[in-house]
Structures are given as C-alpha cells and as structure tokens.
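*Asks:* Could you have a look at this structure, given as structure tokens, before my questions?
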Amino acid sequence: RLHQLLVRGEETRVIRLRRPEKKNALTQAMYQAMADALNAADTDPAVRAILFVGKPEVFTAGNDLEDFLKSANPADNAPIEERSVYRFMVALSSVSKPVVAAVAGAAVGIGTTLLMHCDMVYAAESAKFSMPFAPLGVCPEFGSSLLLAQIMGYQRAAEKLMLGEPFSAQEALASGLVCKVLPNEELLAYARAQAAKLVALPAASLRATKRLMKAPQADLL
C-alpha cells in the first residue's frame, strides 16, 4: 500500500510507505504505484518537491519475496522495461524535481538502493541500512555498485556490498550516504522543512542543477 499526499501550501508530494504488518516490504503493485506517483509529480506544475517516508519503526524491509514468487512465471518474456520495479527505478532516477527521503528503522536492499537516487537523505538515529545481495547469491541492483563506490569510496562500498552487514545511521552519515542524523521524533519535521526550503527556491534553477549533477548517471539504467 502506498499513500500520496499533496501538502497544501508546501507543494510537496509525500510518498509514504505504509504496510506495517509486513514491515513495509515492497510488492510489485507498490513499485508500480510509486512509479506512477513519481511520474505524476514530475508533470504536475503544482508539485515542487517530493518526499519519501516510511513508518517510524521501519522504512522498508526490502522486496516482498512471497509476492514476487507468486507472480513469477517462467513463460513470461515481458521485456524489463515493462516490469514495475524497473519502471520505478527509471522514474526515480530521471525525475527532474528534488527528491528528499526520511529514513527511520530498517532500510534493507532496495530501501538503501533507492536512497542513492534521491537528492537529499535524512536519517533517524534508529535507521539501519543493509544491502545483503552478495550473501543471498545475487548481484547489487540498479547501479548501486557504481553509486555506492562514488559516495563512500571503493573499500567502504566493497565492505557493505560484499559482506552485506547492516550499518548504522552514524556510519551512513560519516560515509556520505545521508546528509544528517536526527532524533527519531524530529526526523519527519526536519525532512518536511528541508523540502519546504526547496519549494521556496526557483524551480528552473533547481531542475538545471539536478540535471547537471545527474548527467554522468544518464545511461545508468
């Protein structure tokens, strides 16, 4: 399930993960909903910034494997461009408006990967990040092997991606993955305030700045 909210007066589109009974594990339907929400926000002139939030207890536990296995069909030859996960990551990586993320609790797998495609990331003291791809026998997803090395440096990124062990909000801050760590109760208000600052700035110059900064990643997906 996904909740979208256009905050009147702030012009911030809030995309809120809200599946607490499954620790916000992402289904294919949620990926499609997020892709649609991002694309709609990018084309809506009333929206000036986008904010991702989870629950205070958890950002997301990653993919809902049961959902993906249920829908897996060996005979399905649909091109990757038509798959909901790919549509979401393309939408997130190409959205022209500023994207802010507020992370509390666990951010597992895609929960950490998607942060590398956001513009500003703020974490609660409770935040825990992990990318357990290699231990699960799969490779890192959606450019994370390149982006994490750019953010953290090769050795730190190798440690996180090869061992797949969780790391704290303070370590994420020290390595450049997040902008600031806040007490849990202050996280959402601070992230909203940062989004409001973006809303107040000239939209055209923000889009141009983001386009220039993202240019080296244009062919990533």
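The values are calculated or read from the model by the stated rules, or taken from the named source; none is laboratory data. Being a predicted model, the structure only gives us computed values, none of them experimental. Neighbour counts run over all protein chains shown; Cβ positions are idealised from the backbone, glycine included. These accessible areas exclude ligands, DNA and RNA; they are computed on the full protein's heavy atoms, side chains included. Shrake-Rupley method; radii C 1.70, N 1.55, O 1.52, S 1.80 Å.
*Asks:* Return one whole number: the accessible area per residue of the chain in Å², for a 1.4 Å probe.
*Replies:* Result: 49 Å² of accessible area for each residue.
*Asks:* How many percent of the accessible area of the chain is carbon or sulfur, using a 1.4 Å probe?
*Replies:* Carbon and sulfur atoms account for 56 percent of the accessible area of the chain.
*Asks:* Using Cα positions and a limit of under 19 Å, work out the lysines in reach of residue 160, with same-chain residues fewer than 8 apart set aside.
*Replies:* Within the straight-line cut-off, residue 160 pairs with 128.
*Asks:* Taking the range 29-158, how much of its Cα-Cα pair set, in percent, is spaced more than 22 angstrom apart?
*Replies:* 40 percent
*Asks:* Relative to the present Cα-Cα distance, how much length would full extension add between residue 155 and residue 215 at 0.36 nm per residue of separation?
*Replies:* Fully extending the segment from residue 155 to residue 215 adds 19.1 nm.
*Asks:* Starting from the eigenvalues of the Cα gyration tensor, five times each then square-rooted, give me the equivalent ellipsoid semi-axes of the chain, largest first, whole Å.
*Replies:* They are 25, 21, 18 Å, listed from largest to smallest.
*Asks:* Could you give each residue of the range 31-42 its phi-based ³J(HN,Hα) in whole Hz, using Karplus coefficients 6.51, -1.76, 1.60 with θ = phi - 60°, and x for Gly or Pro?
*Replies:* 3J(HN,Hα) across the range 31-42, in whole Hz: 4, 5, 5, 5, 4, 4, 5, 5, 5, 5, 5, 5.
*Asks:* Tell me the label-point distance for the pair residue 141, residue 125, using the 7 Å Cα-to-Cβ offset, in nm and rounded to one decimal.
*Replies:* 3.1 nm
*Asks:* Shifting gears a bit: So who's got an amide H within less than 5 Å of the one on residue 63, skipping anything under 5 residues away but keeping other chains? H placed 1.01 Å off N, in plane.
*Replies:* Amide H neighbours of residue 63, under 5 Å, 5+ apart: 26, 110.
*Asks:* Still on this model: Above 18 Å lies some portion of the pair distances; for the range 119-197, what is it as a whole percent of all C-alpha pairs?
*Replies:* Value for the range 119-197 (Cα pairs over 18 Å): 44 percent.
*Asks:* Moving on. Using alpha carbon coordinates only, what is the Rg to Rh ratio of the range 87-134, with Rh defined as the Kirkwood radius?
*Replies:* A ratio of 0.99.
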